[in-house]
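Here's the structure we're looking at; comments come further down.
The values are calculated or read from the model by the stated rules, or taken from the named source; none is laboratory data. Keep in mind it's a predicted model, so treat the numbers as computed, not measured. All Cβ positions, glycine included, derive from the backbone under ideal geometry; neighbour counts span all protein chains shown. Only protein heavy atoms, including side chains, enter the accessible area calculation; ligands, DNA and RNA are left aside. Shrake-Rupley method; radii C 1.70, N 1.55, O 1.52, S 1.80 Å.
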Amino acid sequence: FHLSGHYFERDYFDWNERRAGGKVGFGYGINDVLSLNSKFSAENVDISDPRLPVTELLHSVGNHERYAGSVSLVYDTRDVPFAPSSGRYLELEFEQVFGSFDYPRGKIDYRHYMLLAQRPDRSGRHILGLTWNGRITGSDTPIYDNLFAGGYATLRGFRFRHASPKVETVIVGGELSLTGSAEYYFPVTADD
């Protein structure tokens with residue numbers, strides 16, 4: 001069981017955004033590595049102060065209700081969820097959003113961790129981590145729910161949300177996002 005609430009304000013370069021809402025979710029462990037999850041969320045989204053009169057942005061200005069229901073299937077064989085050294089993680093999710101705008105969303109998240117070397121006492125681990133993430137959203141998605149990349153969590157080397165389509169210098173996001181990475185983890189000092 002999962003229950004959460006949130007309130008935040010973000011002043012993006014192209015618009016200001018305020019969100020308040022909550023989420024309730026339920027999960028069921030089918031076996032040791034497979035689980036089924038569902039969640040429902042309700043949110044109020046307020047978009048204000050557009051920098052430029054771009055159609056994609058003006059379409060989303062104002063106060064909007066956002067409700068969503070989703071279901072996901074998770075396959076997880078990682079040895080530990082935080083900083084794993086081996087195993088795989090696969091999540092398939094479908095979400096239907098309704099309210100001020102109606103659109104479907106889908107997500108595939110795949111991660112693979114391989115232990116390449118370690119000392120006899122199991123310290124000094126060298127781990128290769130591969131990740132791939134694919135997301136898609138419907139054509140009626142408002143700008144505030146479009147898909148963006150950039151920043152430490154999606155695409156390093158780009159500023160937060162700046163790896164995105166633009167219309168007249170306004171970062172508008174897109175309907176499809178595919179990102180991937182390969183990372184090599186190793187201790188910098190002898191004491192890990």
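Got a number for the accessible area of ASP79? Probe 1.4 Å, square angstrom, nearest 10.
ASP79 has an accessible surface of roughly 70 Å² with all protein chains in place.
Just add up the charged neighbours of LEU3: K/R +1, D/E -1, any other residue whose Cβ is under 13 Å from the Cβ of LEU3.
Net of charged neighbours comes to +2.
Nearest 20 debye, what's the magnitude of the dipole of region 22-98 about its Cα centre given +1 on Lys and Arg Cβ and -1 on Asp and Glu Cβ?
60
Averaging sequence separations of C-alpha pairs under 8 Å and six or more residues apart, then dividing by the length of the chain, give the relative contact order as a whole percent.
It comes to 14 percent, rounded to a whole number.
Stokes-Einstein D for region 85-192 at 37 °C, 0.692 mPa s, Kirkwood Rh over Cα pairs, in µm²/s?
Translational D for this selection: 202 µm²/s.
Just the number please: accessible area per residue for the chain, 1.4 Å probe, all protein chains included, in Å².
With the other protein chains kept in place, the chain gives 59 Å² per residue.
Alpha carbon centre of region 81-138 versus region 22-77: separation in Å?
Using only Cα atoms to place each centre, the spacing works out to 18 Å.
Sort THR169, THR77, THR179 by heavy-atom solvent-accessible area, probe 1.4 angstrom, most to least.
THR169, THR77, THR179
Using only alpha carbon pairs under 8 Å that are at least six residues apart, calculate the relative contact order of region 75-125 and give it in whole percent.
The normalised contact order for region 75-125 reaches 31 percent.
What length, rounded to one decimal in nm, is gained on full extension from THR55 through to PHE8, with 0.36 nm per residue of separation minus their alpha-carbon distance?
14.4 nm
Between PHE82 and ALA20, how high is the FRET efficiency from 1/(1 + (r/R0)^6) when r is the Cβ-Cβ distance and R₀ = 41 Å? Nearest 0.05.
With a Förster radius of 41 Å, E is 0.90.
Given the options ALA149, ALA83, ALA68, which has the most mean-square fluctuation in a GNM of the chain, springs set between C-alpha atoms less than 10 angstrom apart?
ALA83
Just tell me which lysines come within less than 18 Å, Cα to Cα, of LYS39; anything on the same chain fewer than 8 places away is out.
Within reach: LYS23, LYS107.
Of PHE26, PRO120, TYR110, which is farthest towards the positive pole of the chain's charge dipole, taken about the Cα centre with +1 and -1 on the beta-carbons of Lys, Arg and Asp, Glu respectively?
Highest projection toward the positive end goes to PRO120.
I'd like the carbon and sulfur percentage of the solvent accessible area for region 48-192, probe radius 1.4 Å, heavy atoms only, ligands and nucleic acids excluded.
Looking at region 48-192 in its full context, I get 60 percent from C and S.
Only one of the listed values, [x] 1.21; [y] 1.03; [z] 1.13, was derived from the coordinates as Cα Rg over 2.2 N^0.38 Å; which label is it?
The listed entry that was calculated here is [x].
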